[in-house]
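Structure, as C-alpha coordinates:
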Amino acid sequence: MTTDSVRWGILATGGIAAAFTADLIDLPEAEVVAVASRTETSANAFAERFGIPRAYGDWEALAQDEDIDVVYVATPHSAHRTATALCLKAGRNVLCEKPFTLNLREAEELVALARDNGRFLMEAMWMYCNPLIRRLKALVDDGAIGDVRTVQADFGLEGPFPPSHRLRDPAQGGGALLDLGVYPVSFAQLLLGEPSGISAQSVLSAEGVDLQTALALSWDSGALAALHCSLVGGTGVSASVTGSRGRIDIPSGFFHPDRLVLHRAGRDPEEFAADPADGPRTTFRHEAREVMRAIRAGETESPLVPLDGTLAVMRTLDAVRERIGVRYPGEAA
Ligand SMILES: NC(=O)c1ccc[n+]([C@@H]2O[C@H](COP(=O)([O-])OP(=O)(O)OC[C@H]3O[C@@H](n4cnc5c(N)ncnc54)[C@H](OP(=O)(O)O)[C@@H]3O)[C@@H](O)[C@H]2O)c1
(Lines give C-alpha, C1' and ligand atoms only; values in the text may rest on other atoms or scores of the structure.)
Protein backbone atom coordinates (compact mmCIF):
# COMPACT_ATOMS: atom_id res chain seq x y z
CA MET A 1 0.00 0.00 0.00
CA THR A 2 1.34 3.38 -0.97
CA THR A 3 -1.37 5.79 0.15
CA ASP A 4 -3.30 6.36 3.37
CA SER A 5 -6.58 5.22 1.86
CA VAL A 6 -7.20 1.65 0.73
CA ARG A 7 -7.61 1.48 -3.05
CA TRP A 8 -10.34 -0.83 -4.27
CA GLY A 9 -10.97 -2.44 -7.64
CA ILE A 10 -14.46 -3.75 -8.41
CA LEU A 11 -14.77 -6.88 -10.57
CA ALA A 12 -18.25 -7.16 -12.21
CA THR A 13 -20.97 -4.54 -12.46
CA GLY A 14 -24.20 -6.23 -11.31
CA GLY A 15 -26.57 -5.68 -8.43
CA ILE A 16 -24.33 -6.36 -5.45
CA ALA A 17 -21.31 -4.67 -7.07
CA ALA A 18 -23.36 -1.46 -7.23
CA ALA A 19 -24.69 -1.79 -3.66
CA PHE A 20 -21.23 -2.46 -2.22
CA THR A 21 -19.58 0.33 -4.23
CA ALA A 22 -22.24 2.80 -3.08
CA ASP A 23 -21.31 2.00 0.54
CA LEU A 24 -17.55 2.06 -0.17
CA ILE A 25 -17.53 5.53 -1.65
CA ASP A 26 -19.05 6.85 1.59
CA LEU A 27 -16.08 5.60 3.63
CA PRO A 28 -13.30 8.20 3.95
CA GLU A 29 -10.61 5.51 4.25
CA ALA A 30 -11.69 3.82 0.98
CA GLU A 31 -10.98 4.89 -2.58
CA VAL A 32 -12.59 3.07 -5.51
CA VAL A 33 -9.97 3.42 -8.24
CA ALA A 34 -10.97 0.89 -10.92
CA VAL A 35 -13.75 -1.33 -12.21
CA ALA A 36 -13.71 -4.26 -14.63
CA SER A 37 -16.49 -5.88 -16.56
CA ARG A 38 -16.76 -8.44 -19.34
CA THR A 39 -17.59 -5.50 -21.61
CA GLU A 40 -16.13 -2.01 -21.92
CA THR A 41 -19.59 -0.50 -22.21
CA SER A 42 -20.65 -1.83 -18.86
CA ALA A 43 -17.35 -0.92 -17.19
CA ASN A 44 -17.57 2.64 -18.52
CA ALA A 45 -21.19 3.05 -17.42
CA PHE A 46 -20.38 1.79 -13.90
CA ALA A 47 -17.29 4.04 -13.70
CA GLU A 48 -19.32 7.05 -14.74
CA ARG A 49 -22.10 6.27 -12.26
CA PHE A 50 -19.72 6.07 -9.28
CA GLY A 51 -16.98 8.45 -10.42
CA ILE A 52 -14.34 5.71 -10.74
CA PRO A 53 -11.18 6.81 -12.58
CA ARG A 54 -10.20 3.59 -14.42
CA ALA A 55 -12.57 1.24 -16.33
CA TYR A 56 -11.45 -2.03 -17.91
CA GLY A 57 -13.30 -4.19 -20.44
CA ASP A 58 -11.59 -7.35 -19.17
CA TRP A 59 -10.65 -8.81 -15.79
CA GLU A 60 -6.95 -9.36 -16.58
CA ALA A 61 -6.26 -5.62 -16.83
CA LEU A 62 -7.79 -5.07 -13.38
CA ALA A 63 -5.82 -7.98 -11.92
CA GLN A 64 -2.58 -6.50 -13.34
CA ASP A 65 -3.29 -2.99 -12.00
CA GLU A 66 -0.55 -2.50 -9.38
CA ASP A 67 -2.30 0.58 -7.98
CA ILE A 68 -5.06 -1.48 -6.39
CA ASP A 69 -4.83 -2.74 -2.79
CA VAL A 70 -7.83 -5.08 -2.90
CA VAL A 71 -10.27 -6.41 -5.50
CA TYR A 72 -13.93 -7.06 -4.69
CA VAL A 73 -15.19 -10.02 -6.78
CA ALA A 74 -18.95 -9.73 -7.43
CA THR A 75 -19.61 -12.12 -10.31
CA PRO A 76 -22.12 -14.99 -10.11
CA HIS A 77 -20.77 -17.86 -7.95
CA SER A 78 -19.76 -19.89 -11.01
CA ALA A 79 -17.10 -17.28 -11.85
CA HIS A 80 -15.76 -16.63 -8.31
CA ARG A 81 -12.95 -19.15 -8.67
CA THR A 82 -11.69 -17.91 -12.06
CA ALA A 83 -11.90 -14.23 -11.14
CA THR A 84 -10.37 -14.63 -7.67
CA ALA A 85 -7.56 -16.90 -8.89
CA LEU A 86 -6.68 -14.41 -11.63
CA CYS A 87 -6.38 -11.60 -9.07
CA LEU A 88 -4.45 -13.63 -6.48
CA LYS A 89 -1.97 -14.86 -9.11
CA ALA A 90 -1.36 -11.25 -10.18
CA GLY A 91 -0.60 -10.31 -6.56
CA ARG A 92 -3.90 -8.65 -5.60
CA ASN A 93 -5.71 -9.11 -2.28
CA VAL A 94 -9.32 -10.26 -2.70
CA LEU A 95 -12.72 -9.97 -1.03
CA CYS A 96 -14.88 -12.56 -2.84
CA GLU A 97 -18.68 -12.67 -2.65
CA LYS A 98 -20.59 -15.51 -0.99
CA PRO A 99 -20.94 -18.40 -1.54
CA PHE A 100 -17.15 -18.40 -1.77
CA THR A 101 -17.10 -20.89 -4.66
CA LEU A 102 -19.28 -23.57 -6.23
CA ASN A 103 -17.69 -26.36 -4.20
CA LEU A 104 -15.01 -27.25 -1.66
CA ARG A 105 -12.44 -28.23 -4.28
CA GLU A 106 -12.51 -24.72 -5.81
CA ALA A 107 -12.44 -23.13 -2.34
CA GLU A 108 -9.38 -25.15 -1.30
CA GLU A 109 -7.61 -24.11 -4.50
CA LEU A 110 -8.18 -20.40 -3.77
CA VAL A 111 -7.19 -20.65 -0.12
CA ALA A 112 -3.96 -22.46 -1.08
CA LEU A 113 -3.23 -19.83 -3.73
CA ALA A 114 -3.71 -16.97 -1.24
CA ARG A 115 -1.64 -18.66 1.46
CA ASP A 116 1.17 -19.62 -0.94
CA ASN A 117 1.32 -16.05 -2.31
CA GLY A 118 0.89 -14.31 1.05
CA ARG A 119 -2.19 -12.43 -0.20
CA PHE A 120 -5.26 -11.40 1.83
CA LEU A 121 -8.39 -13.38 0.99
CA MET A 122 -11.85 -13.27 2.57
CA GLU A 123 -15.34 -14.50 1.73
CA ALA A 124 -17.77 -11.56 1.74
CA MET A 125 -19.78 -13.13 4.58
CA TRP A 126 -20.89 -9.70 5.79
CA MET A 127 -23.12 -11.29 8.47
CA TYR A 128 -19.97 -12.20 10.46
CA CYS A 129 -18.92 -8.50 10.53
CA ASN A 130 -22.33 -7.22 11.65
CA PRO A 131 -22.07 -5.64 15.15
CA LEU A 132 -25.23 -7.35 16.49
CA ILE A 133 -24.16 -10.76 15.19
CA ARG A 134 -20.81 -10.20 16.91
CA ARG A 135 -22.74 -9.28 20.07
CA LEU A 136 -24.83 -12.45 19.81
CA LYS A 137 -21.69 -14.55 19.36
CA ALA A 138 -20.09 -12.90 22.42
CA LEU A 139 -23.23 -13.49 24.52
CA VAL A 140 -23.28 -17.17 23.52
CA ASP A 141 -19.52 -17.58 24.11
CA ASP A 142 -19.88 -15.90 27.53
CA GLY A 143 -22.49 -18.47 28.52
CA ALA A 144 -25.51 -16.11 28.56
CA ILE A 145 -27.81 -18.97 27.47
CA GLY A 146 -25.78 -21.92 28.72
CA ASP A 147 -24.81 -24.73 26.37
CA VAL A 148 -26.21 -24.34 22.84
CA ARG A 149 -28.78 -27.05 22.14
CA THR A 150 -30.63 -25.85 19.04
CA VAL A 151 -30.15 -23.34 16.21
CA GLN A 152 -33.02 -22.44 13.89
CA ALA A 153 -32.67 -20.12 10.87
CA ASP A 154 -34.40 -19.61 7.54
CA PHE A 155 -33.92 -17.49 4.44
CA GLY A 156 -36.61 -17.67 1.76
CA LEU A 157 -37.48 -15.25 -1.04
CA GLU A 158 -40.91 -15.06 -2.62
CA GLY A 159 -39.69 -14.60 -6.18
CA PRO A 160 -40.93 -15.62 -8.62
CA PHE A 161 -37.59 -16.16 -10.35
CA PRO A 162 -37.97 -17.15 -14.01
CA PRO A 163 -35.87 -20.07 -15.30
CA SER A 164 -33.59 -17.54 -17.08
CA HIS A 165 -32.62 -15.88 -13.76
CA ARG A 166 -29.13 -16.67 -12.39
CA LEU A 167 -30.77 -18.14 -9.28
CA ARG A 168 -32.38 -20.83 -11.46
CA ASP A 169 -29.44 -21.34 -13.86
CA PRO A 170 -27.22 -24.37 -13.11
CA ALA A 171 -24.42 -22.83 -15.22
CA GLN A 172 -24.31 -19.88 -12.79
CA GLY A 173 -24.44 -22.05 -9.65
CA GLY A 174 -28.18 -21.45 -9.19
CA GLY A 175 -30.42 -22.78 -6.44
CA ALA A 176 -31.55 -21.71 -2.98
CA LEU A 177 -28.82 -23.54 -1.06
CA LEU A 178 -25.74 -21.77 -2.40
CA ASP A 179 -27.27 -18.31 -2.63
CA LEU A 180 -29.48 -18.19 0.48
CA GLY A 181 -28.81 -21.38 2.46
CA VAL A 182 -25.20 -20.29 2.90
CA TYR A 183 -26.46 -17.77 5.51
CA PRO A 184 -28.29 -20.19 7.86
CA VAL A 185 -25.42 -22.69 7.51
CA SER A 186 -22.80 -20.01 8.24
CA PHE A 187 -24.89 -18.79 11.20
CA ALA A 188 -25.10 -22.27 12.73
CA GLN A 189 -21.40 -22.94 12.12
CA LEU A 190 -20.40 -19.57 13.65
CA LEU A 191 -21.91 -20.81 16.91
CA LEU A 192 -21.23 -24.53 16.80
CA GLY A 193 -18.43 -25.17 14.29
CA GLU A 194 -18.61 -27.88 11.67
CA PRO A 195 -21.42 -30.41 12.12
CA SER A 196 -20.79 -34.15 12.41
CA GLY A 197 -24.16 -35.17 10.91
CA ILE A 198 -25.95 -33.71 7.88
CA SER A 199 -29.31 -34.58 6.34
CA ALA A 200 -31.41 -32.64 3.83
CA GLN A 201 -34.55 -32.68 1.75
CA SER A 202 -35.12 -30.52 -1.34
CA VAL A 203 -37.58 -29.72 -4.06
CA LEU A 204 -35.67 -29.38 -7.33
CA SER A 205 -36.59 -27.32 -10.40
CA ALA A 206 -36.85 -28.71 -13.92
CA GLU A 207 -33.37 -27.24 -14.52
CA GLY A 208 -31.98 -29.31 -11.63
CA VAL A 209 -31.34 -26.62 -9.00
CA ASP A 210 -32.93 -26.64 -5.53
CA LEU A 211 -36.05 -24.47 -5.22
CA GLN A 212 -36.12 -25.07 -1.49
CA THR A 213 -34.08 -27.12 0.94
CA ALA A 214 -34.60 -28.13 4.55
CA LEU A 215 -31.48 -29.15 6.48
CA ALA A 216 -30.94 -30.93 9.76
CA LEU A 217 -27.40 -30.70 11.16
CA SER A 218 -26.07 -32.36 14.29
CA TRP A 219 -23.03 -31.99 16.53
CA ASP A 220 -21.35 -34.47 18.87
CA SER A 221 -22.17 -32.12 21.76
CA GLY A 222 -25.84 -33.03 21.32
CA ALA A 223 -26.72 -29.78 19.53
CA LEU A 224 -28.99 -29.72 16.48
CA ALA A 225 -29.75 -27.12 13.79
CA ALA A 226 -32.96 -26.92 11.76
CA LEU A 227 -32.31 -24.68 8.76
CA HIS A 228 -34.28 -23.77 5.64
CA CYS A 229 -33.85 -21.81 2.40
CA SER A 230 -36.24 -21.16 -0.46
CA LEU A 231 -36.60 -19.45 -3.82
CA VAL A 232 -40.35 -20.06 -3.88
CA GLY A 233 -41.61 -18.57 -0.60
CA GLY A 234 -40.84 -15.46 1.41
CA THR A 235 -40.06 -16.82 4.88
CA GLY A 236 -39.65 -14.73 8.04
CA VAL A 237 -35.83 -14.76 7.70
CA SER A 238 -35.61 -15.21 11.46
CA ALA A 239 -33.20 -17.12 13.67
CA SER A 240 -33.14 -18.41 17.18
CA VAL A 241 -30.42 -19.96 19.35
CA THR A 242 -31.62 -22.00 22.30
CA GLY A 243 -29.31 -23.04 25.12
CA SER A 244 -29.62 -24.94 28.36
CA ARG A 245 -30.41 -21.70 30.26
CA GLY A 246 -32.11 -19.42 27.75
CA ARG A 247 -32.62 -18.31 24.18
CA ILE A 248 -31.69 -15.49 21.81
CA ASP A 249 -34.16 -14.59 19.07
CA ILE A 250 -33.50 -12.56 15.93
CA PRO A 251 -37.06 -11.82 14.83
CA SER A 252 -36.27 -10.71 11.26
CA GLY A 253 -33.47 -10.29 8.73
CA PHE A 254 -31.28 -12.52 10.89
CA PHE A 255 -28.10 -12.08 8.82
CA HIS A 256 -28.26 -8.26 9.17
CA PRO A 257 -30.36 -7.75 12.30
CA ASP A 258 -31.56 -4.53 13.85
CA ARG A 259 -32.39 -6.20 17.17
CA LEU A 260 -31.84 -9.30 19.28
CA VAL A 261 -33.98 -10.47 22.18
CA LEU A 262 -32.29 -12.39 24.99
CA HIS A 263 -34.54 -14.59 27.12
CA ARG A 264 -32.83 -15.86 30.27
CA ALA A 265 -34.62 -18.29 32.50
CA GLY A 266 -36.45 -16.43 35.27
CA ARG A 267 -35.69 -12.93 33.91
CA ASP A 268 -37.51 -10.36 31.78
CA PRO A 269 -36.49 -10.42 28.09
CA GLU A 270 -33.56 -8.07 27.29
CA GLU A 271 -33.45 -6.32 23.95
CA PHE A 272 -30.24 -5.36 22.14
CA ALA A 273 -30.81 -2.82 19.37
CA ALA A 274 -28.49 -1.81 16.55
CA ASP A 275 -26.63 1.45 17.15
CA PRO A 276 -28.07 4.05 14.73
CA ALA A 277 -24.49 5.28 14.20
CA ASP A 278 -23.76 1.91 12.53
CA GLY A 279 -25.96 2.95 9.60
CA PRO A 280 -28.81 1.09 7.91
CA ARG A 281 -29.04 -2.67 8.51
CA THR A 282 -28.24 -3.27 4.86
CA THR A 283 -24.88 -1.52 4.99
CA PHE A 284 -21.75 -3.31 3.83
CA ARG A 285 -19.49 -0.83 5.66
CA HIS A 286 -18.64 -3.23 8.53
CA GLU A 287 -17.35 -5.83 6.10
CA ALA A 288 -15.43 -3.23 4.07
CA ARG A 289 -13.88 -1.76 7.23
CA GLU A 290 -12.78 -5.20 8.42
CA VAL A 291 -11.05 -5.85 5.08
CA MET A 292 -9.27 -2.49 5.24
CA ARG A 293 -8.28 -2.95 8.89
CA ALA A 294 -6.79 -6.36 8.14
CA ILE A 295 -4.92 -5.21 5.03
CA ARG A 296 -3.51 -2.16 6.80
CA ALA A 297 -2.39 -4.40 9.66
CA GLY A 298 -0.62 -6.69 7.18
CA GLU A 299 -2.93 -9.63 7.96
CA THR A 300 -3.67 -12.18 5.23
CA GLU A 301 -7.01 -13.26 6.64
CA SER A 302 -9.68 -11.83 8.87
CA PRO A 303 -10.25 -13.30 12.34
CA LEU A 304 -13.95 -12.45 11.87
CA VAL A 305 -14.26 -14.45 8.63
CA PRO A 306 -11.46 -17.03 8.84
CA LEU A 307 -10.71 -19.07 5.72
CA ASP A 308 -10.91 -22.35 7.63
CA GLY A 309 -14.49 -21.39 8.57
CA THR A 310 -15.29 -20.68 4.93
CA LEU A 311 -13.86 -24.10 3.96
CA ALA A 312 -15.95 -25.77 6.68
CA VAL A 313 -19.11 -24.13 5.31
CA MET A 314 -18.22 -25.23 1.76
CA ARG A 315 -17.73 -28.79 3.05
CA THR A 316 -21.25 -28.71 4.51
CA LEU A 317 -22.75 -27.27 1.30
CA ASP A 318 -21.03 -30.01 -0.74
CA ALA A 319 -22.41 -32.68 1.60
CA VAL A 320 -25.92 -31.24 1.34
CA ARG A 321 -25.74 -31.13 -2.47
CA GLU A 322 -24.56 -34.73 -2.50
CA ARG A 323 -27.67 -35.69 -0.52
CA ILE A 324 -30.15 -33.65 -2.59
CA GLY A 325 -28.61 -34.57 -5.96
CA VAL A 326 -27.64 -31.12 -7.25
CA ARG A 327 -24.52 -31.10 -9.43
CA TYR A 328 -23.25 -28.17 -11.49
CA PRO A 329 -21.90 -28.38 -15.05
CA GLY A 330 -18.29 -29.57 -15.02
CA GLU A 331 -18.47 -31.18 -11.57
CA ALA A 332 -17.32 -34.78 -11.52
CA ALA A 333 -20.01 -37.43 -11.11
N1 LIG B 1 -23.58 -10.07 0.12
C2 LIG B 1 -24.82 -9.94 -0.33
O3 LIG B 1 -25.71 -9.43 0.36
C4 LIG B 1 -25.14 -10.39 -1.70
C5 LIG B 1 -26.34 -9.98 -2.29
C6 LIG B 1 -26.59 -10.38 -3.60
C7 LIG B 1 -25.69 -11.18 -4.27
N8 LIG B 1 -24.55 -11.60 -3.65
C9 LIG B 1 -23.59 -12.45 -4.35
O10 LIG B 1 -22.94 -11.66 -5.32
C11 LIG B 1 -22.75 -12.38 -6.54
C12 LIG B 1 -23.38 -11.58 -7.68
O13 LIG B 1 -24.76 -11.44 -7.43
P14 LIG B 1 -25.62 -10.26 -8.12
O15 LIG B 1 -26.95 -10.33 -7.49
O16 LIG B 1 -24.87 -8.98 -8.10
O17 LIG B 1 -25.71 -10.83 -9.61
P18 LIG B 1 -26.00 -10.00 -10.92
O19 LIG B 1 -26.80 -8.78 -10.62
O20 LIG B 1 -26.48 -10.97 -11.92
O21 LIG B 1 -24.55 -9.47 -11.36
C22 LIG B 1 -23.47 -10.31 -11.60
C23 LIG B 1 -22.49 -9.60 -12.54
O24 LIG B 1 -21.46 -10.51 -12.86
C25 LIG B 1 -21.17 -10.43 -14.23
N26 LIG B 1 -21.60 -11.69 -14.87
C27 LIG B 1 -22.82 -12.06 -15.24
N28 LIG B 1 -22.84 -13.29 -15.76
C29 LIG B 1 -21.60 -13.71 -15.71
C30 LIG B 1 -20.99 -14.91 -16.09
N31 LIG B 1 -21.67 -15.92 -16.62
N32 LIG B 1 -19.68 -15.03 -15.90
C33 LIG B 1 -18.99 -14.00 -15.34
N34 LIG B 1 -19.54 -12.83 -14.98
C35 LIG B 1 -20.82 -12.69 -15.14
C36 LIG B 1 -21.95 -9.31 -14.80
O37 LIG B 1 -21.13 -8.15 -14.75
P38 LIG B 1 -20.39 -7.65 -16.08
O39 LIG B 1 -21.46 -7.51 -17.11
O40 LIG B 1 -19.79 -6.39 -15.65
O41 LIG B 1 -19.37 -8.66 -16.47
C42 LIG B 1 -23.12 -9.19 -13.88
O43 LIG B 1 -23.63 -7.90 -13.85
C44 LIG B 1 -23.34 -13.76 -6.31
O45 LIG B 1 -22.31 -14.66 -6.02
C46 LIG B 1 -24.27 -13.58 -5.12
O47 LIG B 1 -24.36 -14.74 -4.30
C48 LIG B 1 -24.26 -11.21 -2.39
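The values are calculated or read from the model by the stated rules, or taken from the named source; none is laboratory data. Predicted model, so just to flag it, every value in this text is computed and none were measured. Using ideal geometry, Cβ is built from the backbone for each residue, glycine included, and neighbour counts are taken over all protein chains shown.
Conditions (1) within 16 Å of the ligand (Cβ to nearest atom); (2) crowded, with 21+ Cβ neighbours inside 10 Å, marked per residue:
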site	(1), (2)
P184	yes, yes
G193	no, no
S196	no, no
S202	no, yes
A216	no, no
D220	no, no
G253	yes, no
H256	yes, yes
A265	no, no
Problem set entry | Residue under evaluation R38, criteria (1) part of a helix (DSSP H, G or I); (2) among the basic types (K, R); (3) within 10 Å of the ligand (Cβ to nearest atom), criterion not met | (1)
Exercise. Mind checking which residues of the range 228-244 are surrounded by fewer than 15 Cβ atoms within 10 Å (Cβ to Cβ) and farther than 29 Å from G174 by Cα?
Worked result: S244
Exercise. Are any residues in the range 272-298 over 13 Å from H256 (Cα atoms) and either more than 16 Å from the ligand (Cβ to nearest atom) or among the polar types (S, T, N, Q) (or both), and if so, which ones?
Worked result: F272, P276, A277, M292, R293, A294, I295, R296, A297, G298
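Considering only residues that are among the charged types (D, E, K, R) and either in a loop (DSSP other than H, G, I, E, B) or outside the structural domain of A239 (by TED's automatic domain parsing) (or both), look in the range 249-284 and name the one that is modelled with the lowest pLDDT.
Restricting attention to the range 249-284, the residues satisfying the condition of being among the charged types (D, E, K, R) are 249, 258-259, 264, 267-268, 270-271, 275, 278, 281.
If we keep only those that are either in a loop (DSSP other than H, G, I, E, B) or outside the structural domain of A239 (by TED's automatic domain parsing) (or both) too, we end up with 258, 267-268, 275, 281.
Details: D258: 95, R267: 94, D268: 97, D275: 93, R281: 87.
So the residue we want is R281.
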Problem set entry | So R119, is it away from the ligand (no atom under 16 Å from the Cβ), in the same structural domain as P99 (by TED's automatic domain parsing) and assigned to a loop (DSSP other than H, G, I, E, B) | yes
Exercise. When residues of the range 9-25 are filtered for being touching a helix residue (DSSP H, G or I) at 6+ places or on another chain (Cβ under 7 Å) and more than 17 Å from V94 (Cα to Cα), how many remain?
Worked result: 2
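Quick grid of which residues meet (1) under 21 Å from Y328 (Cβ atoms); (2) within 8 Å of the ligand (Cβ to nearest atom); (3) not in a strand (DSSP E or B):
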{"position": "T13", "(1), (2), (3)": "no, yes, yes"}
{"position": "A45", "(1), (2), (3)": "no, no, yes"}
{"position": "A79", "(1), (2), (3)": "yes, yes, yes"}
{"position": "A85", "(1), (2), (3)": "yes, no, yes"}
Problem set entry | Selection count, the range 182-223, where residues are closer than 20 Å to D169 by Cα and in contact with a Gly (Cβ under 9 Å, 6 or more places away or on another chain) | 10
For this session: Look through the range 95-123, keep the residues that are in contact with a strand residue (DSSP E or B) (Cβ under 7 Å, 6 or more places away or on another chain) and either aromatic (F, W, Y) or over 16 Å from L311 (Cα atoms) (or both), and return whichever of them is surrounded by the most Cβ atoms within 10 Å (Cβ to Cβ).
Result: F100
Exercise. Mind checking which residues of the range 159-204 are closer than 22 Å to A79 by Cα, polar (S, T, N, Q) and in a loop (DSSP other than H, G, I, E, B)?
Worked result: S164
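Say we look at the range 87-105 and pick out the residues that are within 16 Å of the ligand (Cβ to nearest atom) and free of Cβ contacts under 8 Å to residues at least 60 places away in the same chain; which of these is nearest to L317 (Cα to Cα)?
Step one: filter the range 87-105 for residues within 16 Å of the ligand (Cβ to nearest atom), giving 87, 94-103.
Filter again for free of Cβ contacts under 8 Å to residues at least 60 places away in the same chain, leaving 94, 96.
On the way: V94: 22, C96: 17 Å.
So the residue we want is C96.
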Problem set entry | Boolean, S37 is in contact (Cβ under 8 Å) with a residue 60 or more places away in the chain and within 28 Å of S164 (Cβ to Cβ) | no
For this session: Kindly indicate the residue of the range 15-32 that is away from the ligand (no atom under 11 Å from the Cβ) and small (G, A, S) and also surrounded by the fewest Cβ atoms within 10 Å (Cβ to Cβ) among those meeting that condition.
Result: A22
Exercise. Looking at the range 57-73, is at least one residue free of Cβ contacts under 8 Å to residues at least 24 places away in the same chain and within 11 Å of the ligand (Cβ to nearest atom)?
Worked result: yes
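Does R54 satisfy the criteria of being basic (K, R), touching a Leu at 6+ places or on another chain (Cβ under 7 Å), more than 9 Å from the ligand (Cβ to nearest atom) and modelled with pLDDT of 95 or more? Spell out how you get there, then give the answer.
Values: basic (K, R): yes; touching a Leu at 6+ places or on another chain (Cβ under 7 Å): no; more than 9 Å from the ligand (Cβ to nearest atom): yes; modelled with pLDDT of 95 or more: yes.
So R54 fails the test.
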